[in-house]
Amino acid sequence: MFQFDNSYARLPDRFFASVYPEPVEGPKLLKFNEALADELGVEADFSDPARLAAILAGNVVPPGAMPIAMAYAGHQFGNFVPQLGDGRAILLGEVVDRNGIRRDIQLKGAGPTPFSRRGDGRAALGPVLREYIVSEAMNALGLPATRALAAVATGERVFRERIEQGAVFVRVAASHVRIGTFQFFAARGDNDGVKLLADYVIERHYPELKAAENPYIELLQAVAGRQADLIARWLGVGFIHGVMNTDNMTISGETIDFGPCAFLDEYDPMKVFSSIDQMGRYAYRNQPGIGQWNIARLAECLLPLLDENEDKAVDAANAVLKTFGERFQMAWIGVFRAKIGLETEADGDGDLIQALLGLMHEGQADFTLTFRRLSDAADGRDEAFLGCFTDPGKAAEWLSAWRQRLAGETRSQEDLAAGLRAVNPAVIPRNHKVEEALAAANYGDLGFFEKLLEALESPFEERPEFAAYMQPPKPEERVTQTFCGT
Ligand code: AMP
Ligand code: MG
(Lines give C-alpha, C1' and ligand atoms only; values in the text may rest on other atoms or scores of the structure.)
(Ligands and ions follow the chains in the order given, each with its own letter.)
Protein backbone atom coordinates (compact mmCIF):
# COMPACT_ATOMS: atom_id res chain seq x y z
CA MET A 1 0.00 0.00 0.00
CA PHE A 2 2.83 2.38 0.90
CA GLN A 3 6.20 2.64 -0.87
CA PHE A 4 8.14 3.31 2.29
CA ASP A 5 11.62 4.77 2.50
CA ASN A 6 12.34 5.51 6.15
CA SER A 7 15.10 8.09 6.54
CA TYR A 8 14.40 8.99 10.18
CA ALA A 9 14.67 5.36 11.25
CA ARG A 10 18.18 5.35 9.74
CA LEU A 11 19.34 7.93 12.29
CA PRO A 12 21.11 6.64 15.43
CA ASP A 13 19.09 4.65 17.96
CA ARG A 14 18.87 7.44 20.51
CA PHE A 15 16.64 9.46 18.15
CA PHE A 16 13.65 7.17 18.64
CA ALA A 17 12.28 3.98 20.12
CA SER A 18 11.28 1.13 17.83
CA VAL A 19 7.78 0.13 18.80
CA TYR A 20 4.91 -1.69 17.12
CA PRO A 21 1.37 -0.38 17.25
CA GLU A 22 -0.83 -2.20 19.75
CA PRO A 23 -3.68 -3.90 17.85
CA VAL A 24 -7.20 -2.67 18.53
CA GLU A 25 -10.37 -4.71 18.95
CA GLY A 26 -12.55 -3.69 16.07
CA PRO A 27 -11.00 -1.36 13.51
CA LYS A 28 -13.53 0.35 11.27
CA LEU A 29 -12.63 2.93 8.66
CA LEU A 30 -14.55 6.15 9.26
CA LYS A 31 -12.97 8.36 6.65
CA PHE A 32 -10.28 8.03 4.04
CA ASN A 33 -8.79 10.94 2.12
CA GLU A 34 -8.58 9.63 -1.44
CA ALA A 35 -7.29 12.85 -2.95
CA LEU A 36 -4.41 12.95 -0.49
CA ALA A 37 -3.70 9.24 -0.98
CA ASP A 38 -3.40 9.90 -4.69
CA GLU A 39 -1.02 12.81 -4.08
CA LEU A 40 1.10 10.50 -1.91
CA GLY A 41 1.09 7.66 -4.41
CA VAL A 42 -0.62 5.51 -1.77
CA GLU A 43 -2.72 2.69 -3.18
CA ALA A 44 -5.69 1.78 -1.02
CA ASP A 45 -7.43 -1.50 -1.74
CA PHE A 46 -11.11 -0.81 -1.13
CA SER A 47 -12.05 -4.33 -2.21
CA ASP A 48 -10.74 -5.52 1.17
CA PRO A 49 -12.07 -2.93 3.65
CA ALA A 50 -11.20 -5.06 6.68
CA ARG A 51 -7.53 -5.18 5.72
CA LEU A 52 -7.47 -1.47 4.86
CA ALA A 53 -8.93 -0.58 8.28
CA ALA A 54 -6.51 -3.01 9.96
CA ILE A 55 -3.53 -1.31 8.32
CA LEU A 56 -4.71 2.19 9.12
CA ALA A 57 -5.45 1.25 12.74
CA GLY A 58 -2.03 -0.32 13.21
CA ASN A 59 -3.28 -3.92 13.53
CA VAL A 60 -1.39 -4.93 10.42
CA VAL A 61 2.01 -3.36 9.86
CA PRO A 62 2.39 -3.03 6.08
CA PRO A 63 5.53 -4.21 4.29
CA GLY A 64 8.37 -1.70 4.38
CA ALA A 65 7.16 0.09 7.51
CA MET A 66 9.64 0.69 10.32
CA PRO A 67 7.44 1.80 13.21
CA ILE A 68 9.11 4.19 15.65
CA ALA A 69 8.19 6.68 18.35
CA MET A 70 10.26 9.84 18.00
CA ALA A 71 12.10 11.30 20.98
CA TYR A 72 11.57 14.97 21.78
CA ALA A 73 11.47 17.43 24.66
CA GLY A 74 9.74 20.78 24.92
CA HIS A 75 8.64 23.86 26.78
CA GLN A 76 5.03 23.41 27.84
CA PHE A 77 3.50 26.76 28.79
CA GLY A 78 7.01 28.05 29.38
CA ASN A 79 8.20 25.14 31.55
CA PHE A 80 10.89 22.90 30.17
CA VAL A 81 10.20 19.16 30.11
CA PRO A 82 13.39 17.30 29.07
CA GLN A 83 11.53 14.25 27.83
CA LEU A 84 8.18 14.17 26.05
CA GLY A 85 8.34 12.13 22.84
CA ASP A 86 5.63 10.33 20.87
CA GLY A 87 3.53 8.96 23.69
CA ARG A 88 0.56 7.99 21.59
CA ALA A 89 1.82 8.35 18.06
CA ILE A 90 3.83 5.93 15.99
CA LEU A 91 5.60 6.88 12.81
CA LEU A 92 4.97 4.05 10.36
CA GLY A 93 7.38 5.37 7.81
CA GLU A 94 7.94 7.89 5.04
CA VAL A 95 6.81 7.99 1.44
CA VAL A 96 8.00 10.24 -1.36
CA ASP A 97 4.92 11.89 -2.90
CA ARG A 98 4.19 12.61 -6.56
CA ASN A 99 6.00 15.95 -6.29
CA GLY A 100 9.12 14.32 -4.92
CA ILE A 101 8.45 15.54 -1.37
CA ARG A 102 9.13 13.16 1.51
CA ARG A 103 6.12 12.83 3.84
CA ASP A 104 5.66 11.07 7.19
CA ILE A 105 2.80 8.62 7.71
CA GLN A 106 1.98 8.59 11.40
CA LEU A 107 -0.64 6.73 13.41
CA LYS A 108 -1.91 8.83 16.29
CA GLY A 109 -3.56 6.83 19.06
CA ALA A 110 -1.83 3.57 18.05
CA GLY A 111 -0.94 2.46 21.56
CA PRO A 112 1.64 2.97 24.28
CA THR A 113 5.30 3.70 23.60
CA PRO A 114 8.31 4.13 25.91
CA PHE A 115 7.39 7.85 25.93
CA SER A 116 3.81 7.39 27.14
CA ARG A 117 4.55 8.20 30.76
CA ARG A 118 1.18 7.82 32.44
CA GLY A 119 -0.86 8.07 29.21
CA ASP A 120 -2.68 5.19 27.57
CA GLY A 121 -1.29 5.85 24.08
CA ARG A 122 -4.80 6.15 22.71
CA ALA A 123 -6.89 8.90 21.17
CA ALA A 124 -10.60 9.61 21.47
CA LEU A 125 -12.96 9.92 18.52
CA GLY A 126 -13.76 13.60 19.08
CA PRO A 127 -10.18 14.94 18.98
CA VAL A 128 -9.39 12.69 16.02
CA LEU A 129 -12.26 14.04 13.92
CA ARG A 130 -11.45 17.55 15.09
CA GLU A 131 -7.88 17.25 13.81
CA TYR A 132 -9.22 15.76 10.58
CA ILE A 133 -11.55 18.71 10.04
CA VAL A 134 -9.22 21.53 11.00
CA SER A 135 -6.08 20.27 9.30
CA GLU A 136 -7.95 19.71 6.03
CA ALA A 137 -9.62 23.11 6.39
CA MET A 138 -6.25 24.80 6.85
CA ASN A 139 -5.01 23.11 3.71
CA ALA A 140 -8.03 24.24 1.70
CA LEU A 141 -7.47 27.77 3.01
CA GLY A 142 -3.95 27.54 1.62
CA LEU A 143 -2.09 27.46 4.94
CA PRO A 144 0.76 25.00 5.52
CA ALA A 145 -0.49 22.28 7.85
CA THR A 146 -0.19 18.58 8.49
CA ARG A 147 -2.80 16.54 6.65
CA ALA A 148 -5.40 13.91 7.40
CA LEU A 149 -5.16 10.62 5.52
CA ALA A 150 -7.71 8.67 7.54
CA ALA A 151 -9.70 8.27 10.73
CA VAL A 152 -10.41 4.78 12.04
CA ALA A 153 -12.65 3.76 14.93
CA THR A 154 -10.98 1.22 17.20
CA GLY A 155 -14.06 -0.40 18.68
CA GLU A 156 -12.52 0.25 22.09
CA ARG A 157 -13.31 2.69 24.85
CA VAL A 158 -10.91 5.29 26.17
CA PHE A 159 -11.19 6.81 29.60
CA ARG A 160 -10.95 10.60 29.74
CA GLU A 161 -13.15 12.97 31.74
CA ARG A 162 -15.79 10.49 30.67
CA ILE A 163 -15.77 7.28 28.67
CA GLU A 164 -15.27 7.90 24.97
CA GLN A 165 -14.94 5.92 21.79
CA GLY A 166 -11.40 5.26 20.69
CA ALA A 167 -10.02 6.18 17.28
CA VAL A 168 -6.78 6.33 15.36
CA PHE A 169 -5.84 9.33 13.25
CA VAL A 170 -3.54 8.82 10.28
CA ARG A 171 -1.49 11.98 10.01
CA VAL A 172 0.69 13.07 7.11
CA ALA A 173 3.43 15.64 7.72
CA ALA A 174 6.40 17.06 5.83
CA SER A 175 8.15 15.71 8.93
CA HIS A 176 7.47 15.51 12.62
CA VAL A 177 10.71 17.21 13.66
CA ARG A 178 9.86 19.96 16.12
CA ILE A 179 11.80 22.60 18.01
CA GLY A 180 11.41 20.17 20.91
CA THR A 181 13.32 17.52 18.97
CA PHE A 182 16.38 19.80 19.02
CA GLN A 183 15.78 20.51 22.69
CA PHE A 184 15.87 16.79 23.47
CA PHE A 185 19.51 16.54 22.39
CA ALA A 186 20.60 19.99 23.58
CA ALA A 187 19.24 19.27 27.08
CA ARG A 188 21.47 16.20 27.23
CA GLY A 189 24.55 18.10 26.09
CA ASP A 190 24.51 15.85 23.01
CA ASN A 191 26.02 18.27 20.48
CA ASP A 192 26.58 15.48 17.98
CA GLY A 193 22.88 14.70 18.17
CA VAL A 194 22.01 18.37 17.57
CA LYS A 195 24.33 18.45 14.56
CA LEU A 196 23.02 15.20 13.10
CA LEU A 197 19.47 16.48 13.47
CA ALA A 198 20.34 19.86 11.94
CA ASP A 199 22.00 18.15 8.97
CA TYR A 200 18.98 15.88 8.64
CA VAL A 201 16.44 18.74 8.51
CA ILE A 202 18.61 20.77 6.16
CA GLU A 203 18.76 17.81 3.78
CA ARG A 204 15.03 17.18 4.10
CA HIS A 205 13.49 20.65 4.33
CA TYR A 206 16.11 23.21 3.33
CA PRO A 207 18.52 21.51 0.87
CA GLU A 208 19.29 24.89 -0.71
CA LEU A 209 21.16 25.84 2.49
CA LYS A 210 23.76 23.11 2.17
CA ALA A 211 26.00 25.33 0.09
CA ALA A 212 25.84 28.26 2.53
CA GLU A 213 28.94 29.39 4.40
CA ASN A 214 27.24 28.65 7.73
CA PRO A 215 24.21 26.45 6.99
CA TYR A 216 23.15 26.40 10.67
CA ILE A 217 22.68 30.16 10.92
CA GLU A 218 20.78 29.98 7.66
CA LEU A 219 18.69 27.14 9.07
CA LEU A 220 17.71 29.21 12.09
CA GLN A 221 16.88 32.12 9.80
CA ALA A 222 14.83 29.93 7.48
CA VAL A 223 12.80 28.31 10.26
CA ALA A 224 12.20 31.73 11.83
CA GLY A 225 11.04 33.05 8.46
CA ARG A 226 8.62 30.20 7.82
CA GLN A 227 7.15 30.46 11.30
CA ALA A 228 6.77 34.25 11.06
CA ASP A 229 4.96 33.83 7.74
CA LEU A 230 2.81 31.02 9.09
CA ILE A 231 1.71 32.93 12.18
CA ALA A 232 0.85 35.99 10.07
CA ARG A 233 -1.39 33.73 8.01
CA TRP A 234 -2.97 32.26 11.15
CA LEU A 235 -3.91 35.78 12.19
CA GLY A 236 -5.31 36.38 8.73
CA VAL A 237 -7.88 33.61 9.15
CA GLY A 238 -8.54 34.26 12.84
CA PHE A 239 -6.83 31.07 13.96
CA ILE A 240 -5.77 30.53 17.55
CA HIS A 241 -3.52 27.50 17.87
CA GLY A 242 -4.06 27.29 21.59
CA VAL A 243 -1.01 25.30 22.62
CA MET A 244 2.11 26.76 21.00
CA ASN A 245 4.52 24.74 23.10
CA THR A 246 7.93 24.22 21.53
CA ASP A 247 7.07 20.57 20.90
CA ASN A 248 4.10 21.72 18.83
CA MET A 249 6.11 23.91 16.47
CA THR A 250 7.54 22.20 13.40
CA ILE A 251 10.86 22.82 11.71
CA SER A 252 9.15 22.45 8.32
CA GLY A 253 6.81 25.40 8.95
CA GLU A 254 3.62 23.34 8.94
CA THR A 255 0.88 23.95 11.50
CA ILE A 256 0.75 20.90 13.77
CA ASP A 257 -1.42 19.65 16.66
CA PHE A 258 -4.99 20.80 16.59
CA GLY A 259 -5.97 19.96 20.17
CA PRO A 260 -7.61 23.06 21.63
CA CYS A 261 -7.33 25.27 18.55
CA ALA A 262 -10.23 27.50 17.52
CA PHE A 263 -11.19 30.25 15.11
CA LEU A 264 -12.34 33.68 16.20
CA ASP A 265 -16.02 34.45 15.94
CA GLU A 266 -16.21 38.16 16.84
CA TYR A 267 -12.85 39.88 16.73
CA ASP A 268 -11.07 40.12 20.06
CA PRO A 269 -7.28 40.28 19.97
CA MET A 270 -6.94 38.83 23.47
CA LYS A 271 -9.22 35.90 22.74
CA VAL A 272 -8.38 32.52 24.33
CA PHE A 273 -10.47 29.37 23.94
CA SER A 274 -8.32 26.67 25.47
CA SER A 275 -9.43 25.61 28.93
CA ILE A 276 -5.85 24.94 29.99
CA ASP A 277 -4.49 28.34 28.88
CA GLN A 278 -5.53 30.17 32.01
CA MET A 279 -3.00 32.98 31.72
CA GLY A 280 -3.80 33.66 28.08
CA ARG A 281 -0.22 32.88 27.10
CA TYR A 282 -1.41 31.69 23.70
CA ALA A 283 -4.08 34.34 23.06
CA TYR A 284 -4.70 35.36 19.42
CA ARG A 285 -2.52 38.45 19.63
CA ASN A 286 0.28 36.80 21.59
CA GLN A 287 1.04 34.27 18.88
CA PRO A 288 3.81 36.16 17.05
CA GLY A 289 5.57 36.95 20.34
CA ILE A 290 5.38 33.31 21.37
CA GLY A 291 6.62 32.29 17.94
CA GLN A 292 9.68 34.43 18.48
CA TRP A 293 10.16 33.03 21.99
CA ASN A 294 10.05 29.51 20.59
CA ILE A 295 12.57 30.40 17.88
CA ALA A 296 14.84 31.71 20.65
CA ARG A 297 14.67 28.25 22.24
CA LEU A 298 15.70 26.72 18.91
CA ALA A 299 18.55 29.23 18.68
CA GLU A 300 19.83 28.11 22.10
CA CYS A 301 19.98 24.53 20.87
CA LEU A 302 21.92 25.53 17.76
CA LEU A 303 24.48 27.76 19.53
CA PRO A 304 27.30 25.16 19.50
CA LEU A 305 26.90 24.91 15.72
CA LEU A 306 26.79 28.65 15.03
CA ASP A 307 30.34 29.49 16.08
CA GLU A 308 33.18 27.94 18.09
CA ASN A 309 33.40 31.20 19.98
CA GLU A 310 30.42 31.37 22.35
CA ASP A 311 30.06 35.17 22.25
CA LYS A 312 30.09 35.16 18.48
CA ALA A 313 27.52 32.36 18.44
CA VAL A 314 25.22 34.36 20.72
CA ASP A 315 25.62 37.46 18.55
CA ALA A 316 24.77 35.49 15.43
CA ALA A 317 21.67 34.00 17.07
CA ASN A 318 20.53 37.39 18.35
CA ALA A 319 20.93 38.92 14.91
CA VAL A 320 18.51 36.32 13.54
CA LEU A 321 16.05 36.69 16.42
CA LYS A 322 15.90 40.42 15.81
CA THR A 323 14.70 39.85 12.27
CA PHE A 324 11.73 37.75 13.42
CA GLY A 325 9.66 40.80 14.37
CA GLU A 326 10.33 42.57 11.09
CA ARG A 327 9.65 39.45 9.07
CA PHE A 328 6.38 38.91 10.92
CA GLN A 329 5.35 42.56 10.45
CA MET A 330 6.05 42.35 6.72
CA ALA A 331 4.10 39.13 6.41
CA TRP A 332 1.23 40.43 8.55
CA ILE A 333 0.80 43.62 6.59
CA GLY A 334 0.99 41.64 3.36
CA VAL A 335 -1.80 39.37 4.55
CA PHE A 336 -4.03 42.19 5.75
CA ARG A 337 -3.37 44.48 2.79
CA ALA A 338 -4.71 41.69 0.62
CA LYS A 339 -7.64 41.21 2.98
CA ILE A 340 -8.75 44.79 2.37
CA GLY A 341 -8.01 44.59 -1.33
CA LEU A 342 -4.85 46.69 -1.60
CA GLU A 343 -2.39 45.77 -4.32
CA THR A 344 0.10 48.55 -3.74
CA GLU A 345 1.86 49.72 -0.59
CA ALA A 346 1.32 53.12 0.97
CA ASP A 347 2.42 54.65 4.23
CA GLY A 348 -0.84 54.74 6.16
CA ASP A 349 -1.88 51.17 5.32
CA GLY A 350 -1.02 49.75 8.73
CA ASP A 351 -3.15 52.44 10.39
CA LEU A 352 -6.04 51.83 8.02
CA ILE A 353 -6.00 48.11 8.84
CA GLN A 354 -5.66 48.72 12.58
CA ALA A 355 -8.53 51.18 12.45
CA LEU A 356 -10.76 48.51 10.94
CA LEU A 357 -9.67 45.92 13.49
CA GLY A 358 -10.27 48.44 16.27
CA LEU A 359 -13.82 49.06 15.03
CA MET A 360 -14.41 45.32 14.68
CA HIS A 361 -13.36 44.79 18.28
CA GLU A 362 -15.51 47.65 19.53
CA GLY A 363 -18.42 46.68 17.34
CA GLN A 364 -18.19 42.92 18.12
CA ALA A 365 -17.94 42.21 14.43
CA ASP A 366 -17.50 38.64 13.28
CA PHE A 367 -13.93 38.35 11.98
CA THR A 368 -14.57 36.10 8.99
CA LEU A 369 -17.88 37.58 7.92
CA THR A 370 -16.75 41.21 8.12
CA PHE A 371 -13.85 40.70 5.73
CA ARG A 372 -16.01 38.59 3.46
CA ARG A 373 -18.68 41.30 3.32
CA LEU A 374 -16.08 43.87 2.34
CA SER A 375 -16.33 42.36 -1.14
CA ASP A 376 -20.02 43.39 -1.18
CA ALA A 377 -19.00 46.91 -0.25
CA ALA A 378 -16.56 46.77 -3.16
CA ASP A 379 -19.58 45.97 -5.34
CA GLY A 380 -21.32 49.04 -3.91
CA ARG A 381 -23.48 47.11 -1.45
CA ASP A 382 -22.36 48.63 1.85
CA GLU A 383 -25.23 47.43 4.07
CA ALA A 384 -24.03 43.84 4.33
CA PHE A 385 -20.64 45.05 5.59
CA LEU A 386 -22.05 47.74 7.87
CA GLY A 387 -24.49 45.22 9.34
CA CYS A 388 -21.55 43.36 10.87
CA PHE A 389 -20.98 46.16 13.40
CA THR A 390 -23.01 47.27 16.42
CA ASP A 391 -22.14 50.85 15.41
CA PRO A 392 -22.44 51.08 11.61
CA GLY A 393 -21.79 54.84 11.64
CA LYS A 394 -18.11 54.47 12.45
CA ALA A 395 -17.78 51.60 10.02
CA ALA A 396 -19.23 53.84 7.29
CA GLU A 397 -16.55 56.42 8.04
CA TRP A 398 -13.95 53.71 7.70
CA LEU A 399 -15.40 52.73 4.31
CA SER A 400 -14.87 56.30 3.07
CA ALA A 401 -11.25 56.28 4.21
CA TRP A 402 -10.84 52.88 2.53
CA ARG A 403 -12.31 54.19 -0.73
CA GLN A 404 -10.02 57.18 -0.65
CA ARG A 405 -7.05 54.85 -0.31
CA LEU A 406 -8.38 52.62 -3.11
CA ALA A 407 -8.54 55.62 -5.42
CA GLY A 408 -4.77 55.24 -5.68
CA GLU A 409 -5.13 51.74 -7.11
CA THR A 410 -5.82 50.66 -10.66
CA ARG A 411 -7.98 47.55 -10.28
CA SER A 412 -11.51 47.66 -11.64
CA GLN A 413 -14.40 47.33 -9.21
CA GLU A 414 -15.11 43.77 -10.37
CA ASP A 415 -11.49 42.74 -10.01
CA LEU A 416 -11.32 44.26 -6.55
CA ALA A 417 -14.43 42.38 -5.42
CA ALA A 418 -13.17 39.14 -6.96
CA GLY A 419 -9.76 39.69 -5.35
CA LEU A 420 -11.36 40.17 -1.94
CA ARG A 421 -13.42 37.02 -2.37
CA ALA A 422 -10.31 35.06 -3.29
CA VAL A 423 -8.50 35.89 -0.03
CA ASN A 424 -11.30 36.27 2.53
CA PRO A 425 -12.95 32.90 3.11
CA ALA A 426 -16.70 32.50 3.36
CA VAL A 427 -16.38 29.19 5.17
CA ILE A 428 -14.06 28.37 8.06
CA PRO A 429 -14.37 25.54 10.58
CA ARG A 430 -16.49 27.55 12.96
CA ASN A 431 -16.26 26.22 16.48
CA HIS A 432 -19.97 25.54 16.84
CA LYS A 433 -20.07 23.64 13.56
CA VAL A 434 -17.08 21.57 14.60
CA GLU A 435 -18.72 20.80 17.95
CA GLU A 436 -21.97 19.91 16.21
CA ALA A 437 -20.14 17.46 13.95
CA LEU A 438 -18.26 15.86 16.86
CA ALA A 439 -21.36 15.56 19.03
CA ALA A 440 -23.27 13.82 16.24
CA ALA A 441 -20.31 11.52 15.55
CA ASN A 442 -20.27 10.48 19.20
CA TYR A 443 -23.84 9.27 18.67
CA GLY A 444 -22.82 7.36 15.57
CA ASP A 445 -23.94 9.91 12.97
CA LEU A 446 -21.08 10.99 10.71
CA GLY A 447 -23.38 13.00 8.42
CA PHE A 448 -22.55 16.36 10.00
CA PHE A 449 -18.82 15.61 9.86
CA GLU A 450 -19.08 14.72 6.16
CA LYS A 451 -21.14 17.79 5.33
CA LEU A 452 -18.76 20.08 7.22
CA LEU A 453 -15.78 18.62 5.36
CA GLU A 454 -17.58 19.24 2.10
CA ALA A 455 -18.34 22.84 3.06
CA LEU A 456 -14.69 23.38 3.94
CA GLU A 457 -13.38 22.00 0.66
CA SER A 458 -14.08 25.27 -1.19
CA PRO A 459 -13.81 27.92 1.50
CA PHE A 460 -13.79 30.86 -0.90
CA GLU A 461 -17.07 29.96 -2.58
CA GLU A 462 -20.51 30.90 -1.32
CA ARG A 463 -22.58 27.86 -2.16
CA PRO A 464 -26.21 28.16 -1.10
CA GLU A 465 -26.37 24.59 0.24
CA PHE A 466 -23.68 25.52 2.74
CA ALA A 467 -25.16 28.87 3.81
CA ALA A 468 -25.42 27.70 7.44
CA TYR A 469 -21.65 27.25 7.57
CA MET A 470 -21.03 30.90 6.73
CA GLN A 471 -23.05 32.30 9.60
CA PRO A 472 -21.67 33.25 13.00
CA PRO A 473 -23.10 31.24 15.90
CA LYS A 474 -26.39 32.27 17.45
CA PRO A 475 -25.97 33.22 21.11
CA GLU A 476 -27.04 29.75 22.25
CA GLU A 477 -24.64 28.08 19.79
CA ARG A 478 -21.53 29.93 20.87
CA VAL A 479 -18.55 27.84 21.90
CA THR A 480 -16.62 29.65 24.63
CA GLN A 481 -14.07 27.01 25.55
CA THR A 482 -12.15 24.19 23.88
CA PHE A 483 -10.48 21.20 25.51
CA CYS A 484 -7.35 19.28 24.64
CA GLY A 485 -9.14 16.00 25.08
CA THR A 486 -5.92 14.00 24.79
P1 AMP B 1 0.32 17.12 23.07
O2 AMP B 1 -0.50 17.77 24.10
O3 AMP B 1 -0.49 16.31 22.09
O4 AMP B 1 1.28 18.03 22.38
O5 AMP B 1 1.17 16.02 23.85
C6 AMP B 1 2.13 16.33 24.81
C7 AMP B 1 2.84 15.07 25.28
O8 AMP B 1 1.92 14.18 25.93
C9 AMP B 1 3.44 14.25 24.15
O10 AMP B 1 4.61 13.65 24.63
C11 AMP B 1 2.38 13.21 23.89
O12 AMP B 1 2.90 12.07 23.26
C13 AMP B 1 1.89 12.91 25.29
N14 AMP B 1 0.51 12.38 25.30
C15 AMP B 1 -0.62 13.05 25.03
N16 AMP B 1 -1.70 12.25 25.11
C17 AMP B 1 -1.24 11.03 25.43
C18 AMP B 1 -1.85 9.75 25.67
N19 AMP B 1 -3.16 9.57 25.57
N20 AMP B 1 -1.05 8.72 25.98
C21 AMP B 1 0.29 8.86 26.08
N22 AMP B 1 0.92 10.03 25.89
C23 AMP B 1 0.18 11.10 25.57
MG1 MG C 1 2.18 17.81 20.65
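The values are calculated or read from the model by the stated rules, or taken from the named source; none is laboratory data. Bear in mind that the values here come from a model prediction, so they are computed numbers and not experimental data. Glycine gets a Cβ as well: all are built from the backbone with ideal geometry, and neighbour counts include every protein chain shown. Note: accessible area is taken over every heavy atom of the protein model, side chains too, but ligands, DNA and RNA are not part of it. Shrake-Rupley method; radii C 1.70, N 1.55, O 1.52, S 1.80 Å.
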For this session: May I ask for the angle, rounded to the nearest 10°, between helix 310-339 and the longest principal axis of the chain, with both axes built from Cα atoms and the value confined to 0 to 90°?
Result: 50 degrees
For this session: Write down the radius of gyration of segment 8-176 and its Dmax, each obtained from C-alpha positions, in Å.
Result: 15.5, 49
Problem set entry | Qualifying lysines (Cα of each under 16 Å from Cα of residue 28; at least 8 residues distant if same chain) | 108
Problem set entry | Base-10 log of normalised Debye intensity for segment 362-486 (one unit scatterer per alpha-carbon) at q = 0.13, 0.22 Å⁻¹ | -0.63, -1.30
Exercise. Taking a quarter of the surface of the Cα convex hull of segment 263-351, what do you get in nm²?
Worked result: 8.4 nm²
For this session: Would you mind finding the longest exposed-site-free stretch of the chain, with exposed trypsin sites (Lys or Arg not before Pro) meaning DSSP loop and at most 10 other Cβ atoms within 10 Å?
Result: 163-486
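Students often get this wrong, so check it: of 195/322; 271/433; 394/433, which have C-alpha atoms separated by over 27 Å? Display every interim value, and only then the final one.
Values: 195/322 24 Å; 271/433 19 Å; 394/433 31 Å.
Violating the 27 Å Cα-Cα cut-off are 394/433.
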Problem set entry | C-alpha long axis of helix 349-362 to longest principal axis of the chain, angle in ° | 90 degrees
For this session: Using just the helices of the chain, give the 222 nm mean residue ellipticity in deg cm²/dmol: DSSP H runs with n ≥ 4 each add -39,500 (n - 2.57), and the total is spread over all residues, rounded to 500.
Result: -14000 deg cm²/dmol
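Can you list which of the chymotrypsin sites (Phe, Trp or Tyr not before Pro) found in segment 36-86 are DSSP loop residues with at most 14 other C-beta atoms within 10 Å?
Hits after loop and neighbour filter: 46, 77.
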Exercise. Just the accessible area per residue of segment 259-340, please: how many Å² with a 1.4 Å probe?
Worked result: 44 Å²
For this session: Note down the nm distance, to one decimal, between modelled labels 7 Å out along Cα→Cβ at residue 309 and at residue 161.
Result: 5.6 nm
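Could you calculate the FRET efficiency of residue 51 with residue 13 from 1/(1 + (r/R0)^6), where r is the beta carbon distance between them and R0 is 30 Å, rounded to 0.05?
On the way: r = 32 Å, r/R0 = 1.05.
The computed FRET efficiency comes out at 0.40.
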Problem set entry | Vicinal HN-Hα couplings computed from phi for segment 268-277 (Karplus, 6.51 cos²θ - 1.76 cosθ + 1.60; Hz; Gly/Pro x) | 8, x, 9, 4, 9, 10, 5, 5, 8, 9
Exercise. What is the Cα radius of gyration of the chain over 2.2 N^0.38 Å, N being its residue count?
Worked result: 0.99
Exercise. Say each of residue 481 and residue 213 gets a label point 7 Å from the Cα, pointing the same way as Cα to Cβ; how far apart are those two points in nm?
Worked result: 5.5 nm
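Go through segment 302-364 and name the GluC sites (Glu not before Pro) that are in a DSSP coil and have 15 or fewer other Cβ atoms within 10 Å of their Cβ.
Values: sites: 308, 310, 326, 343, 345, 362; in loops: 308, 343, 345.
For GluC sites (Glu not before Pro) across segment 302-364 that sit outside H, G, I, E and B with at most 15 neighbouring Cβ atoms in 10 Å, the list reads 308, 343, 345.
For segment 8-176, what does the relative contact order come out to in percent, with C-alpha contacts under 8 Å and a separation of six or more?
Working: 380 pairs, mean separation 42.5, N = 169.
That works out to 25 percent.
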Exercise. So what's the projected area for segment 97-170, the Cα convex hull averaged over all directions, in nm²?
Worked result: 6.1 nm²
For this session: Starting from the Cα of residue 396, step 7 Å along the direction of its Cβ; do the same at residue 364; then give the gap between the two resulting points in nm.
Result: 2.2 nm
